[in-house]
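Written below as C-alpha cells is the structure these notes are about.
The values are calculated or read from the model by the stated rules, or taken from the named source; none is laboratory data. A quick note: this is a predicted structure, and the numbers were derived from the prediction, not measured. Don't worry about glycine lacking a Cβ; one is built from the backbone with ideal geometry, like all the others, and counts go over all protein chains shown. Side chains are part of the model used for accessible areas, which takes the heavy atoms of the whole protein and leaves out ligands, DNA and RNA. Shrake-Rupley method; radii C 1.70, N 1.55, O 1.52, S 1.80 Å.
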Amino acid sequence: MKKSVFYHHMAEAASQKGMAIHDIIRQVHSLGIGWAEVDLADLKRDNSIADMLKNEGMGISSIYGFYDFSSSQNGSAGFEHVQLAKKLGCEKVMIIPGFYASDDKAQSENEREKMLAAMKQMCEYAQSEGIIPTIEDFDDCKSPIATAEQMMWFAERIHQLMITFDTGNFMYSGQSELDAFELLKDRIVHVHCKDRSLIEKPQCEMKMTVDGKAMYPAPVGSGCIKMKEIIASLEARGYDGIYTIEHFGAEDQLMCIKRSAEFLDGVI
C-alpha cells in the first residue's frame, strides 16, 4: 500500500514532542510512509521542506492550495502551483477554489460560475503540464464542494478535474461516505483517509456537523467512518494510488500516525 501523511501533522508532532522535524520525518518514514501531502503556502514560505523530505526518503503526494476564485483571482493564479508540482516531481495538485461570500442564491450562483471559469483555466493548464488537478469534499458550509453532488457539478463541466476522496468530510454535511463513493468512484485518483470520532476528546479540535453532531479527530480505523468498506471498494476497482493519513487537530499526532499506518497495513 502506498501511504502518505500530511506534512502539517509531522510538523505539529515535532512541536508536541519537542523534537526536530527531521527526526519525526525519519520515524514516520520508518512506518512505511513514503510521501507527504504539503500545503502550497508552506512550500512557498519554506523552500527547504521538499529537500528535507527527499533527504529522508519521502516524496510529495499532492500539493494543496487555497484560492479566492469567487472574486479576485482567475485561473492563472494557480499556474505557479502547477509549475511547483512539476518541478518537485509531484503528479497531483488539489484546488480549494474559495468560499461563498453570501447566502443569497443569485450571488452564490454568480460566485460559483466565477470559480468554474477559473478552475477550468487552471485545470487546462495543469493538463498541458502533465499534472492532475483534483478537488476534495471540503467540510465547510460556505464551500462550493462540500458534498458529492457539488463536487460532481464541477467535475462534469471540467473533464480534466479529478477527485480526491476525503473519507471523513462527507459526515460534516450529513452525507453517507458510501453513497458519496458510489457517485464519485469513476473520478477518484487520490484518497484522504480521515476518520471521525463522536466521543468527546477535550484535548482535540472539535468540529460541528451541519446537523449538530460534535466530531473529533481519530486515528484511521478507530472511529465511525466505514474505512474498511471504502478501501475494499477501492481495491476491488483496481485503485493503485496513494492513501493519505489525515487527522488535523489530534492531541498526539505521532501516536495517531503510527496507529493509522498500522491499521492501513492491516487492511490490505
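Descriptive notes on the structure:
- Unmet requirement for Ala36, which otherwise passes all of (1) part of a strand (DSSP E or B); (2) surrounded by fewer than 17 Cβ atoms within 10 Å (Cβ to Cβ): (2)
- Entry remark, region 224-268: residues being closer than 14 Å to Gly32 by Cβ, in contact with a Pro (Cβ under 9 Å, 6 or more places away or on another chain) and outside any helix (DSSP H, G or I) number 1 in total.
Residue-wise test of (1) under 18 Å from Asp166 (Cβ atoms); (2) surrounded by fewer than 18 Cβ atoms within 10 Å (Cβ to Cβ); (3) of a type in the set (Asp, Glu).
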site: Tyr216; (1), (2), (3): yes, no, no
site: Val220; (1), (2), (3): yes, no, no
site: Glu229; (1), (2), (3): yes, yes, yes
site: Tyr243; (1), (2), (3): yes, no, no
site: Glu251; (1), (2), (3): no, yes, yes
site: Ser260; (1), (2), (3): yes, no, no
site: Leu264; (1), (2), (3): yes, no, no
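- Tally of residues being more than 13 Å from the chain's Cα centre (by Cα) and part of a loop (DSSP other than H, G, I, E, B) across region 159-173: 3
- Scan of region 144-157 for residues that are touching a strand residue (DSSP E or B) at 6+ places or on another chain (Cβ under 8 Å) and part of a loop (DSSP other than H, G, I, E, B), ordered by number: Ile145
- Boolean, Phe6 is open to solvent by 30 Å² or more (accessible area, probe 1.4 Å), of a type in the set (Phe, Trp, Tyr) and at negative phi: no
- Against the conditions (1) farther than 28 Å from Gln27 by Cβ; (2) open to solvent by 60 Å² or more (accessible area, probe 1.4 Å), Glu205 satisfies every one except (1).
- For region 149-165, the set of residues classified as within 20 Å of Tyr243 (Cβ to Cβ) and surrounded by 22 or more Cβ atoms within 10 Å (Cβ to Cβ) consists of Met151, Ile163, Thr164, Phe165, listed by residue number.
- Residues of region 73-128 that are modelled with pLDDT of 95 or more, out of contact with any Ser or Thr (no Cβ under 7 Å at 6 or more places or on another chain), open to solvent by 40 Å² or more (accessible area, probe 1.4 Å) and not in a helix (DSSP H, G or I): Leu88, Gly89, Glu91.
- Phe138 satisfies every condition listed in (1) open to solvent by 20 Å² or more (accessible area, probe 1.4 Å); (2) of a type outside the set (Lys, Arg); (3) part of a helix (DSSP H, G or I) except (3).
- Beta carbons closer than 7 Å, at least 6 apart along the sequence or on distinct chains, never pair a first residue in region 124-135 that is within 10 Å of Ile163 (Cβ to Cβ) with a second that is modelled with pLDDT under 95 and in a loop (DSSP other than H, G, I, E, B).
- Candidate set: region 174-223, residues that are in a strand (DSSP E or B), touching a Leu at 6+ places or on another chain (Cβ under 8 Å) and touching a residue at least 24 places away in the same chain (Cβ under 8 Å); chosen: the one nearest to Tyr64 (Cα to Cα): Val191
- None of Glu129, Glu156, Glu149 is more than 21 Å from the chain's Cα centre (by Cα) and charged (D, E, K, R) except Glu129.
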